[in-house]
Amino acid sequence: MKVVSIVGRPNVGKSTLFNRLIGERKAVVDDRPGVTRDRIYGIVSYHGKRFILVDTGGLVFEEKGIWEEVRRQVDFAVEEADLILFMVDVKEGVHPLDRDIADYLRKKEKEVWVLVNKVDNEKRLTEAEEFHSLGFEKIIPISAIHGYGVKDMLEEITLGLEEKEKEPWGIRIAVVGKPNVGKSSFVNAVLGYERVIVSETPGTTRDAVDSFLEYRGEKIILIDTAGLRRKSRIKEAIEYYTMLRALQAIERGEVVFVMLDAFVPVSRQDKRIISWVEERRRGLIILLNKYDLIPPEKKDEVYNYFRKKLDFIPYAPFIPVSSLTGEGIDTALLSAIELAKRRKQKLPERKLREVLREAVRKYPPPFYGKKFVKIYRLEEKGPGYFELVVNIPEALSESYLRYLKNRLYEHFDLSGMPVTIKPVKKE
């Protein structure tokens, strides 16, 4: 999948463009320089074509404090990029720091497009021409806030990319998790032979590795990935690629096994991995690995600990497994196959209407000021994704949407499926 990185000095509008392109407010936007420090990833879909977009912190050539860390993060983003979008600000003209960044990018020998941001009138369109002095051939005037020039830019970025093809062969199951939790050992246990390298050294598996198998008459593609680490611990570019490929594996999978080590407490990174799966609306199953090594009298305590720590995903199955003894492997595979099949089935429309009607009758949405909030229907648009057609979309709070979501989990078999309900205005 093509990787596009946005680079530039602080406060030129990189995060605003990033949010516009991925269609959600994922990067923090603020007028203060240095707000975006880490790389932020998103997948952009445009007319059936997809690419990975990376937002970076403002680049400043100072070898101290946070700026040194930002520079290191930008280095990784530049190294992996197929295309670099070098953003500048037409209002401020060619800044000395822009020239420093241009020199820096030229040494990388990458394809670079200069995005001249904040072009919103004819005068500024003319002023954008001065950025040819930075020495790059392609200059694209845009307005990240108002959208001017953005569609033309997307057309050029996706030119030559193939539309997303259907994955071949069978059910796609991705295995993801932090380093050294036993993902490769699990895959080998499933396959019955050593398909991927197993090592006690974290980070051995660097690429996503596809394995093909048939299990009880079902064809399966098992995608093993490198471990994901907290960004603050990534010191080598190779681990940056590792994280990127794991995200690509989540994008490809229909069902994702998130593997946890039953002996290691839940971390923020574990939760972040799970949130990536939820954001992509993939089927989710939690595997508690090395469960056979827990003393029998402690097993319930350990299981309940993970359930409590991850109580924000009550819909997800938790399956104890052991790559050594084979415990739980059949259960995991059968659960994934069943989940993949359910994701392809639409809910009965009549029952969906009944559940919505009963939920709204029991707890009507609150008034919005003095306006009556009218809910018309709930439309299933994809696996676990619903649009709620209403007269005032902004009137529905997160708590009310969560109430409706819980009613769906209550009345339908949505185990393992993250559910999203998006309010939309009735036309």
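The values are calculated or read from the model by the stated rules, or taken from the named source; none is laboratory data. Please read all numbers here as calculations on a predicted model, not as lab measurements. Cβ: placed from backbone, ideal geometry, glycine included. Neighbour counts: every protein chain shown. These area figures cover heavy atoms from the full protein model, side chains too; ligands, DNA and RNA do not enter into them. Shrake-Rupley method; radii C 1.70, N 1.55, O 1.52, S 1.80 Å.
In sequence order, the range 356-363 has phi-based couplings of 5, 4, 5, 5, 6, 5, 6, 9 Hz under the Karplus curve 6.51 cos²θ - 1.76 cosθ + 1.60, θ = phi - 60°, and Gly or Pro positions carry x.
Along the range 295-302 the Karplus relation, 6.51 cos²θ - 1.76 cosθ + 1.60 evaluated at θ = phi - 60°, assigns HN-Hα couplings of x, x, 6, 9, 4, 4, 4, 5 Hz to successive residues, with x for each Gly and Pro.
Charge dipole of the range 246-342 (Cα centre as origin; +1 on each Lys and Arg Cβ, -1 on each Asp and Glu Cβ, all else neutral): 380 debye, rounded to the nearest 20.
Expressed as a whole percent, the accessible area of the range 285-381 that falls on carbon and sulfur atoms is 55 (1.4 Å probe).
Residues whose amide H lies under 5 Å from that of K374, counting only those 5 or more places away or on a different chain, are N391, I392; hydrogens are built 1.01 Å from N in the peptide plane. The H on the amide N of R9, modeled in the peptide plane, is under 5 Å from the matching H of L59, each at least 5 residues off or on a different chain. Between G416 and A316, the built amide H atoms are under 5 Å apart, and every one of these is 5 or more places off in sequence or on another chain.
When the Cα positions of V360, A332, Q345 are compared along the charge dipole of the range 325-366, V360 comes out farthest toward the positive end, with charges on each C-beta of Lys, Arg, Asp and Glu. Residue by residue, the range 365-381 carries 3J(HN,Hα) couplings of x, x, 4, 9, x, 9, 8, 7, 8, 10, 9, 9, 6, 10, 10, 7, 9 Hz when phi is fed to the Karplus relation 6.51 cos²θ - 1.76 cosθ + 1.60 (θ = phi - 60°); x denotes Gly or Pro. For the range 367-427, relative contact order (Cα pairs under 8 Å, six or more residues apart, normalised by length) works out to 40 percent. Please say if the range 263-364 is rounded, prolate or oblate, where rounded means a/c under 1.5 for a ≥ b ≥ c the square roots of the C-alpha gyration tensor eigenvalues, and otherwise the choice is prolate for a/b larger than b/c and oblate otherwise? The shape class here is prolate.
For the residue pairs K309/K362; K2/K183; K351/K374, the alpha carbons lie more than 22 Å apart in K309/K362; K2/K183.
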